[in-house]
Amino acid sequence: MTAPSNHFVINGADGLTYRLAEQLSSRYGSPVVVLMTRQQRLTALDFEDLPGVRTVVVDRLDEAALGQANLATAAGLALTVQDDVGNIHVALQARDVAPGLRLVVRMYNTNLGHNIETLLGDCKVLSDAEIAAPALVASALGEVAANPVRVGRRTLIVARRADVAPNRVVCGLAVTDGQEGPSILPASDDIADLVLAEGDEKSNLESTQRIGATKPKRASWFGLMLTFVSAVASRKTRIAVTVVLGIIAAAGVALGMSLGLPGWEGFYSAAATVLTGPQPNAGYTTWQQALQLVLGIAGLAFIPLITAVIVEGSVRARLAVAQVRLQQPHVNHVVVVGLGGVGTRVLRLLHDRGIKVVAIAASEQARGVSLARELEIPLIIGEPSRESTLRMAGVERCRALMAVERADVSNLETALHGRNLQERLHVVLRLFDGDLAARVRRTFNLPLSRSVSYLAAPAFAEALMDREVIGTFSVGRRVLLLAEASVVPGSALEGKTIGEVDTPGMLRVIALTEFGEPRPLWRPAAGRRIGARDMLTVVASRDGLSNLVSRSART
């Protein structure tokens, strides 16, 4: 089967690849070829349910593999594998096969990526972690926006209407108090409680609101002692000491009661037996002799256990201090679970803003481990879905818990354990599956779920189609695009009014730059006419922007 011309090729197999293929095929009606290796196929999502998507599986990515995807006739190539060096290699091969091809490359190291853009030409480098991390941080801190967007000489922010002056509102973005989720781009700006407004980064940080924030519990002496014991003694050691002490206490009480000794004398007799061993006493009954022997045997086990606790505690205490585990109490902090690409970006953003953070990584090989140690952020290496690990991070006293590992099940398990420790815990979940996110929201009352691929895919899709997207805003699990579109002479938009272009729920024109004018006209009147070569700055959904681009092109 020969792929039709003007199709798009995507190299990858993960969630971002799936979301990008879904948008290109379903929303934009473009044929898509997903290219992957046999090794990537083992962990790939199922692309068979996407219309217009063909999967090509190869042994290795080389020029022959690119030929199987008909790259020479493609409209663009997206490299979405989480491998910066591998993506650069494939991009160089693609340049040899199709010198004028549009390239969109996923890279974690965006500093290197900007140089790659210049060298490869007609190339856009994007980081899904960099796109999604601000929205995740905003959700954790209870903010309505994460990063300001610079448009011309103005800085635009997302804010609650009550937090900005009326004359600074550019347009209404959403009504967020609906039972079925936010209603985006309403017909009337007046009913929107979430708005796009003029501001600066400082005002953006000051005009945030907390959502679902609860006052963390204060650290108790009992809690601190429990945390200390957990840090310096292993679980097996704690169980062994507890069992031996239980046996000693039970046998000691029984012996004292059988001898009719008062409290102190009974304790003294039992302690002397444990420490010095049982002494023969002809006056004891068989039952009392048995209890004395139990105390003696328990004493033989107790002394080595105490020695083991001291030795193990010394070693573990040194390691704990090195990992900043014992810097207790952690109070009013953010716990970040998962230090992959996204978690590492989140960690950096929180630290740069002066937010107290405790990080949890499943292994020493996680990407963000070195960054956490470099920034002296408290770091715990352990299974994040275990309640004991979350206790060590002080989740019962934290400000928010961010579960941002790649696996949905692991994130959900972490969130539920966190809720056990703090009933009204503010949780931000990274979930790929939209249906799972909706059911989790209803059943477990965990309303703040975000899909990294869902947040990042629109920017990748628009870049692949060579559209000028300035920024993205997340409203719940919806994504709005801030973009510019030039009106081609003879297009369907020429001669239309702003009111005729605005589409409730899909698109709102926020600025019009007339041809030949150096500055844009902000908030143009609904009756203002659009001329050829004018530039429209809009806030739109993905469907709204696609519709605008098609109407702005020559008919």
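The values are calculated or read from the model by the stated rules, or taken from the named source; none is laboratory data. For clarity, every value in this text was computed on a predicted model and none was experimentally measured. No Cβ is skipped: glycine too gets one built from the backbone with ideal geometry, and neighbour counts run over all protein chains shown. In case anyone asks, the SASA skips ligands and DNA or RNA and just uses the protein heavy atoms, side chains included. Shrake-Rupley method; radii C 1.70, N 1.55, O 1.52, S 1.80 Å.
For the pair D177 and E48, label points projected 7 Å from Cα toward Cβ lie 4.8 nm apart. Specify the angular offset, from 0 to 90 degrees and rounded to the nearest 10, of the alpha carbon long axis of helix 542-552 from the longest principal axis of the alpha carbons in the chain. Orientation of helix 542-552: about 10 degrees from the principal axis. Provide the net charge surrounding L66, with neighbours chosen by a C-beta distance below 14 Å and charges set as Lys +1, Arg +1, Asp -1, Glu -1. Residues near L66 contribute -2 overall. With contacts taken as Cα pairs under 8 Å at a separation of at least 6 residues, the chain carries a relative contact order of 12 percent. Calculated on the alpha-carbon coordinates, the convex hull of segment 284-441 measures out at 166 cubic angstrom per residue. Here the Karplus curve 6.51 cos²θ - 1.76 cosθ + 1.60, taken at θ = phi - 60°, turns the phi angles of segment 239-250 into couplings of 5, 4, 5, 5, 5, 5, 5, x, 5, 4, 5, 5 Hz, with x standing for Gly and Pro.
For V440, neighbours were defined as the other residues whose beta-carbon sits under 10 Å from its Cβ, and their charges (Lys and Arg +1, Asp and Glu -1) total 0. What a 1.4 Å probe finds exposed on segment 9-95 is 49% carbon and sulfur by accessible area, rounded to a whole percent.
How compact is segment 42-128 by the rule of thumb for globular proteins, expressed as Cα Rg over 2.2 N^0.38 Å? If you can, show how the numbers build up before the last one.
On the way: Rg = 13.2 Å, N = 87, 2.2 N^0.38 = 12.0 Å.
Dividing the Cα Rg of segment 42-128 by 2.2 N^0.38 Å gives 1.10.
With contacts taken as Cα pairs under 8 Å and at least 6 residues apart, segment 234-302 reaches a relative contact order of 39 percent. Can you compute log10 of I(q)/I(0) for segment 433-555 with the Debye formula, treating each Cα as one identical point scatterer, at q = 0.19, 0.20, 0.22, 0.23 Å⁻¹? After summing over all Cα pairs, the log10 values are -0.98, -1.05, -1.22, -1.30. Per the helix-only calculation at 222 nm, which mean residue ellipticity applies to the chain, given -39500 (n - 2.57) for every DSSP H run of n ≥ 4 and division by its residues, nearest 500 deg cm²/dmol? Rounded to the nearest 500, it is -12500 deg cm²/dmol.
With both residues required to sit in the chain, DSSP beta bridges show an antiparallel share near 50%. Of the peptides 525-532, 387-394, 359-366, the order by per-residue mean of other Cβ atoms within 10 Å, starting with the highest, comes out as 387-394, 359-366, 525-532. At a probe radius of 1.4 angstrom, the accessible area of segment 1-122 per residue rounds to 45 square angstrom. Across segment 60-175, Cα-Cα distances exceeding 17 Å account for 65% of all pairs.
Report for segment 419-542 the percent antiparallel among DSSP-assigned beta bridges with both residues inside it, nearest 5. Intermediate results must be reported in sequence, preceding the final value.
Values: 23 of 25 bridges.
Among the beta bridges of segment 419-542, antiparallel pairing accounts for roughly 90 percent.
Restricting the calculation to alpha carbons of segment 379-492 gives Rg and Dmax of 18.7, 67 angstrom.
How much length is gained if the chain between I306 and D543 is pulled fully straight, taking 0.36 nm per residue apart and subtracting their Cα-Cα distance, in nm to one decimal?
Numbers: separation 237, 0.36 × 237 = 85.32 nm, distance 6.82 nm.
Length gained, I306 through D543: 78.5 nm.
Largest accessible area first, the residues T497, T307 order themselves as T307, T497 under a 1.4 Å probe with ligands, DNA and RNA left out.
Let's test the formula: R0 of 22 Å, r as the Cβ-Cβ distance of E500 and T155. What FRET efficiency results, to the nearest 0.05? Write out the running numbers ahead of the final one.
Details: r = 29 Å, r/R0 = 1.33.
Plugging the Cβ-Cβ distance into 1/(1 + (r/R0)^6) gives 0.15.
Distances between placed amide hydrogens fall under 5 Å for H7 paired with A75, all partners being 5 or more residues away or on another chain. Diffusion coefficient (Stokes-Einstein, Kirkwood radius over C-alpha pairs, 20 °C, 1.002 mPa s) for the chain: 79 µm²/s, rounded to a whole number. Per atom type, segment 457-509 shows carbon and sulfur on 45% of its accessible surface, probed at 1.4 Å. Converting phi to 3J(HN,Hα) with the Karplus coefficients 6.51, -1.76 and 1.60 and the offset θ = phi - 60°, segment 401-417 yields 10, 10, 9, 10, 6, 6, 8, 4, 4, 4, 5, 5, 4, 4, 5, 5, 5 Hz in sequence order, with x at every glycine or proline.
With the simple spin-label model, which puts each label point 7 Å out from Cα in the Cβ direction, the R41 to V85 separation comes to 2.6 nm.
Sorting T285, T37 by solvent-accessible area of protein heavy atoms yields T285, T37, largest first, with a 1.4 Å probe. Probing with 1.4 Å while keeping every protein chain in the model, the per residue accessible area of segment 372-422 equals 39 Å². Extending 7 Å from the Cα toward the beta-carbon at both Q288 and D59 defines two label points whose distance is 8.6 nm. Exposed loop sites here are chymotrypsin sites (Phe, Trp or Tyr not before Pro) assigned a DSSP state other than H, G, I, E or B and surrounded by at most 15 other beta carbons within 10 Å; excluding them, the longest clear run of the chain is 1-443.
When the surface is traced with a 1.4 Å probe over the full set of protein chains, M465 keeps roughly 50 Å² accessible.
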